[in-house]
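The values are calculated or read from the model by the stated rules, or taken from the named source; none is laboratory data. It should be emphasised that the depicted structure is a prediction, and the values quoted were computed from it without experimental measurement. Quick reminder, even Gly has a Cβ in these numbers, built from the backbone with ideal geometry, and neighbours come from all protein chains shown.
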Amino acid sequence: MEIHQLRYFVAVAEEHSFSRAAAREHVAQPSLSQQIQKLEFDVGERLFDRLARKVLLEMTNARRCVEDLKREVAGRLTVGAILTIAPYVLPALIEKFQNRYTNVTLEIFEDTTENLALRLEDGTVDVALVSTCNESPTLQRDSLGNEPLLLLLSKEHPLAKRTKVKWSDLKSQKFLLLHEMHCLSTQVCEFLEANHLRPQLAAKAVQLTTIARMVASGLGVTLVPQMMMKSELAKGCVALPFAPPVPIREINLLRNPLRLESRAAAAFREQAAAAFSA
């Protein structure tokens with residue numbers, strides 16, 4: 001047992017939230033959760049039993065039931081999204097949602113799938129737009145469809161004038177990849193391996209915008225989601241579709257089935273489904 005573990009325990013108890021406790025202690029939420037688990041192992045007891053979380057969820061659900069008696073879409077809605085979806089989807093989606101539901105106050109969280117899942121569990125996020133994610137007792141996945149990935153390369157690249165690209169065309173290419181914290185990085189590596197490619201890694205970065213600028217400079221190529229090409233973020237680049245097998249990623253909306261879905265959350269879920277189907 002260590003002092004910082006006890007400090008983390010007190011923070012969670014006082015804040016009633018793992019995410020708020022992590023912010024208060026200036027540590028990453030997964031690290032704080034891990035230290036609490038170690039403390040529980042040393043003590044031999046579950047310090048934050050699932051029953052306590054269930055009681056808190058029931059209290060939240062009761063409050064939402066009262067709010068929903070007003071029969072209007074109103075209140076606060078917290079929306080999360082991974083960084084490879086948020087900048088390309090949320091601006092238009094949020095604008096349309098707010099124009100229709102003027103009495104809803106929105107808060108946006110951009111984070112990794114892992115951290116958003118934790119926020120859904122403790123109730124600090126109502127819904128989240130992600131790619132791949134496993135379902136669990138506190139995570140329900142609503143599919144919004146699939147999205148193709150495209151090859152991004154410089155306008156000056158020898159392959160830039162092609163209409164489609166084959167995996168075999170990439171054998172000698174240098175690749176720029178996202179950091180492993182992003183699920184898109186894992187997906188791209190799996191596609192490369194499935195097509196027997198072990199390309200030379202030119203560099204890694206945390207943001208797709210940074211990678212796109214390096215691609216435009218001719219430092220390498222990469223795979224990007226199709227939704228990225230609707231923005232101005234890939235200036236100086238060309239995006240080519242793949243000949244079969246085409247790489248695709250899932251787009252999902254996550255919510256916590258143990259929490260009562262508010263009218264605002266249901267409205268956002270329906271609008272997101274309509275936007276992606278279109």
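Remarks
- Qualifying residue in segment 21-43 (condition: more than 28 Å from the chain's Cα centre (by Cα), surrounded by 13 or more Cβ atoms within 10 Å (Cβ to Cβ) and at pLDDT 60 or above): yes
- Within segment 254-276, the residues that satisfy the criterion of being closer than 16 Å to Phe97 by Cα, touching a residue at least 40 places away in the same chain (Cβ under 8 Å) and not charged (D, E, K, R) are Ser262, Ala264, Ala265, Ala267, Phe268, Gln271, Ala272, Ala273, Ala275, Phe276.
- In segment 1-20, of all residues being under 21 Å from Val125 (Cβ atoms) and outside any helix (DSSP H, G or I), the one that is modelled with the highest pLDDT corresponds to Ser17.
- Restricting the first member to segment 11-24 and to residues that are in contact (Cβ under 8 Å) with a residue 60 or more places away in the chain, and the second to residues that are among the basic types (Lys, Arg), the beta-carbon pairs closer than 8 Å and six or more apart or on different chains are Ser19/Arg119.
- Filtering segment 170-196 to residues that are without any contact (Cβ under 8 Å) to a residue 40 or more places away in the chain, touching a strand residue (DSSP E or B) at 6+ places or on another chain (Cβ under 9 Å) and over 17 Å from Pro225 (Cα atoms) leaves only Ser172.
- Residues of segment 21-36 that turn out to be hydroxyl-bearing (Ser, Thr, Tyr) and more than 13 Å from Asp122 (Cβ to Cβ), as a count: 1
- Filtered residues of segment 207-246 (kept if crowded, with 21+ Cβ neighbours inside 10 Å and not in a strand (DSSP E or B)): Leu208, Ile211, Ala212, Val215, Gly220, Met228, Ala234
- Any hit, segment 263-278, residues being more than 18 Å from the chain's Cα centre (by Cα), among the charged types (D, E, K, R) and assigned to a loop (DSSP other than H, G, I, E, B): no
- The residues listed here are Ala239, Ala205; of these, the one that is in contact with a helix residue (DSSP H, G or I) (Cβ under 6 Å, 6 or more places away or on another chain) and without any contact (Cβ under 8 Å) to a residue 60 or more places away in the chain is Ala205.
- Count of residues meeting criterion [in the same structural domain as Val238 (by TED's automatic domain parsing), without any contact (Cβ under 8 Å) to a residue 12 or more places away in the chain and either of a type outside the set (Lys, Arg) or in a strand (DSSP E or B) (or both)] in segment 135-167: 1
- Filtered by the rule that a residue be among the polar types (S, T, N, Q) and over 27 Å from the mean Cα position of the chain (by Cα), segment 5-20 gives a lone residue, Gln5.
- Only one of Arg198, Arg259, Arg249 that is exposed (fewer than 14 other Cβ atoms within 10 Å of the Cβ), outside any helix (DSSP H, G or I) and among the basic types (Lys, Arg): Arg198
- Selection from segment 252-278 of residues that are under 15 Å from Leu139 (Cα atoms) and not aliphatic (A, V, I, L, M): Asn252, Arg255, Asn256, Pro257, Arg259, Glu261, Arg269
- Number of the exception - Leu149 against (1) under 13 Å from Leu192 (Cα atoms); (2) surrounded by 19 or more Cβ atoms within 10 Å (Cβ to Cβ); (3) more than 20 Å from the chain's Cα centre (by Cα): (3)
The rows are residues; the columns are (1) at pLDDT below 95; (2) not assigned by TED's automatic domain parsing to the domain that holds Lys204.
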| position | (1), (2) |
| --- | --- |
| Val224 | no, no |
| Met229 | yes, no |
| Ala234 | yes, no |
| Leu240 | no, no |
| Leu260 | yes, yes |
| Arg263 | yes, yes |
| Arg269 | no, yes |
| Ala272 | no, yes |
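- Test for Pro199: is it outside the structural domain of Thr113 (by TED's automatic domain parsing) and over 27 Å from Phe276 (Cβ atoms): yes
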